[in-house]
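Some notes on the structure that comes next.
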């Protein structure tokens, strides 16, 4: 069972809905605590309405008291009050694998985290997560560094480790090649793949972090989970299709839509 803590995207491309679809695609049962309601469609975010921190906290406690959680994905938190509630929740469950996707802005530019929340992420929540998964802009916001190349991604990953992160994946889907940089105290390596439909997708960061959480819940090591999550996102992008006038959501259920292999039995062969 995997928990997502994130905002609600009515168009289904990102946030809670994308996370739950990703968990289901990995044969994991997903549960959710909503940190914010948004007014948005495929063309962008129009408004953000944070959930009260007390309600978010009560939701987390209710779920944890009843369910056996195997991992948690943390996405949009909206403000510092919600970030502090989530930090308290993680502190009480230190052994629970957690993936922090430090959502700062929407693709359209709308702020999704206030300054107090960003400061708290950098100074406290970053240290509590099993792994943090910023994109280029988020890595820059957290470190204060320019992050526009693979070498700058590596520098940002090292800086995040210095700030207390246990492990980092800086995602580089906006580069010419989709390169992600993985770092922990003993490792620094990059994973590259071809860029697919680079300018028109929505929810890649949410999907990557939730796929990572699902793979951790399934018992895979962090390096294995990173590779599998990246492969899943790449194919979900490749199989994406437009649902509106703006950016395309990923096709989270592409596996279910693939044709099954032929099961025809060759003539003269024994049946089994």
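Here are a few things to note about the model shown:
- Cα→Cβ-extended label distance, 7 Å offset, between residue 67 and residue 91, nm: 2.4 nm
- Relative to the longest principal axis of the Cα atoms of the chain, helix 53-66 runs at roughly 50 degrees.
- Hull volume per residue, based on the alpha-carbon atoms of region 12-145 and their convex hull, is 107 Å³.
- Inter-label distance, residue 186 to residue 119: 3.7 nm, where each label sits 7 Å from its Cα along the C-beta direction.
- Length-normalised contact order of the chain in % [C-alpha pairs under 8 Å, at least 6 apart]: 18 percent
- Two-site FRET efficiency, residue 221 against residue 200, from Cβ-Cβ distance with R₀ of 41 Å, rounded to 0.05: 0.80
- Ordering 146, 239, 21 from the fewest to the most neighbouring beta carbons within 10 Å gives 146, 239, 21.
- Shape call, the chain: gyration tensor on alpha carbons, a/c limit 1.5: rounded
- For the chain, the longest principal axis of the Cα atoms and the long axis of helix 204-217 meet at an angle of about 80 degrees.
- Stretched out straight at 0.36 nm per residue, the stretch from residue 43 to residue 238 would grow longer than its current Cα-Cα span by 68.2 nm.
- DSSP-defined beta bridges in the chain - what % are antiparallel, rounded to 5: 50 percent
- Mean residue ellipticity, 222 nm, helices only, the chain: the sum of -39500 (n - 2.57) across DSSP H runs of n ≥ 4, divided by residue count and rounded to 500, is -11000 deg cm²/dmol.
- FRET efficiency estimate (nearest 0.05) - Cβ-Cβ, residue 255 to residue 108, R0 22 angstrom: 0.15
Quick note: the coordinates plus some simple rules give every number you see, no bench work behind them. Small disclaimer: the values here were computed from a predicted structure and weren't measured. A quick note on method: Cβ atoms are made from the backbone with ideal geometry, for glycine too, and the neighbour counts reach across all protein chains shown.
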